[in-house]
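Bear in mind these aren't lab numbers, they're just calculated from the coordinates by the rules spelled out. Predicted model, so just to flag it, every value in this text is computed and none were measured. Using ideal geometry, Cβ is built from the backbone for each residue, glycine included, and neighbour counts are taken over all protein chains shown.
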Amino acid sequence: MARAIRKDRVKTSVTFGSVCWQIFKWTSYAFMVLCALSFVFVFVWLVINSLKTASGYASNSFALPKEWDFQNYVLVLEQMTYKNHNLFQLLGNSLILVAINVVNSVTWPQFAGYACARFNFPGRRLIEAAVYVSMIIPIIGATTSVMQIKMNLGLYDTFFGEFLFTAGGFGMGSILYSTLYRGLPKAYAEAAYIDGAGEWLVFLKIYYPQSIPMMMIFVIQGVIATWNDYVGPYLMLPSHPTLALGLQEMQQRFVHFGGDQPIMFAGTVIVMLPVLIIYALFADKIMGNTAMGALK
């Protein structure tokens, strides 16, 4: 009798726990679906209103347009300017800054993380501590100092200055790369040393390929952040404006003074397209390629 009661209690507890887990799982799933639908709704709403006239948007922003007005996109392509820079010049400046960020993302954090993980040299702990401390300093708080240093060196308002002072996610990147390289087996490098490989060949042929999935995540995130950045080009590159600055100028002209929000929505959709394409092409890299496999 006692054993039967214990079995009934175990069955009841297991059943109750499984029911609670199912409730939690499906509730979490429903919440994530709602969050995803909210983002989709905002984007669809933006596209629909970019195809309306100003009067159609003012009458009902949630209704389908009575007249599909593609002229808004034509006006954006013709009139997106910033301080006498046309759309193609703004696009070129944005692409240059993206290229600078990509180069910095795949070089300096890699080298720093590899050196700290693979070599035991004097001052290594000090460098690692300096990296952690640098991440504590607010970016906005250091902006004035960085700007002053660039001016003193003659690098202010130049792409070369941005190349030298853009860290490319150096702090967090170097820490994650260092953690990655410490976790990889040393037997690979030792076998390469026996075959006569030097340190550069070991890095390029053995360790560097293992970091490509993580590197792709940093590159994609850096590209999106640089593409959408407004404060950086506004403060550091006033003579080389980007698309984000052109979009802000359109907001001033067409929304604040003209009350024509659909044109602003069309400009936002055009600027968003490269980011959406990147997400569509590299979604698997962003979401799934964080596990590092061994060499084949």
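Summing charges over neighbours of Gln71, with a neighbour being any other residue whose Cβ is under 14 Å away from its Cβ, gives -3 when K and R count +1 and D and E count -1.
The helix-based estimate of mean residue ellipticity at 222 nm for the chain, built from -39,500 (n - 2.57) per DSSP H run of four or more residues and divided by its residue count, is -24000 deg cm²/dmol to the nearest 500. Farthest toward the dipole's positive end in region 104-190, which of Gly171, Ile139, Ala115, given Cβ charges of +1 (Lys, Arg) and -1 (Asp, Glu) about the Cα centre? About the Cα centre, the residue reaching furthest to the positive side is Ala115.
The calculated Kirkwood hydrodynamic radius for the chain is 23.7 Å, given to one decimal from all distinct C-alpha pairs. A simple count of charges around Ser174, restricted to other residues whose Cβ falls under 15 Å of its Cβ and scoring Lys, Arg +1 and Asp, Glu -1, yields +3. Counting only aspartates and glutamates at least 8 places from Lys83 when in the same chain, those with an alpha carbon closer than 13 Å to its own are Glu249. Would you give the gap between the C-alpha center of region 21-41 and the C-alpha center of region 219-255, rounded to a whole Å? First find each Cα centre; the distance between them is then 33 Å. For region 68-127, applying the loop criterion from DSSP together with a ceiling of 14 other beta carbons within 10 Å to the trypsin sites (Lys or Arg not before Pro) yields Lys83.
Within a straight-line Cα-Cα reach of under 14 Å, Lys52 can be paired with the following aspartates and glutamates, leaving aside sequence neighbours fewer than 8 residues apart in one chain: Glu67, Asp69, Asp260. Modelled this way, with points 7 Å down the Cα-to-C-beta line, the labels at Gln22 and Leu46 are 4.0 nm from one another.
Span-like helix criteria (full DSSP H runs; alpha carbon extent of at least 30 Å along the helix axis; mean Kyte-Doolittle hydropathy of at least 1.0) are satisfied in the chain by 261-287. Using Cβ point charges alone (K and R +1, D and E -1), the dipole size of the chain about the Cα centre works out to roughly 1580 debye. You can think of it this way: the chain between Val74 and Ile212 has 45.7 nm of extra reach, that is 0.36 nm per residue less the Cα-Cα gap.
Say the dipole of the chain comes from +1 at the beta carbon of Lys and Arg and -1 at that of Asp and Glu; which of Asn152, Leu235, Thr27 then lies farthest toward its positive end? Positive-most Cα among the choices belongs to Thr27.
For region 87-172, the direction-averaged projected area of the alpha-carbon convex hull comes to 6.8 nm².
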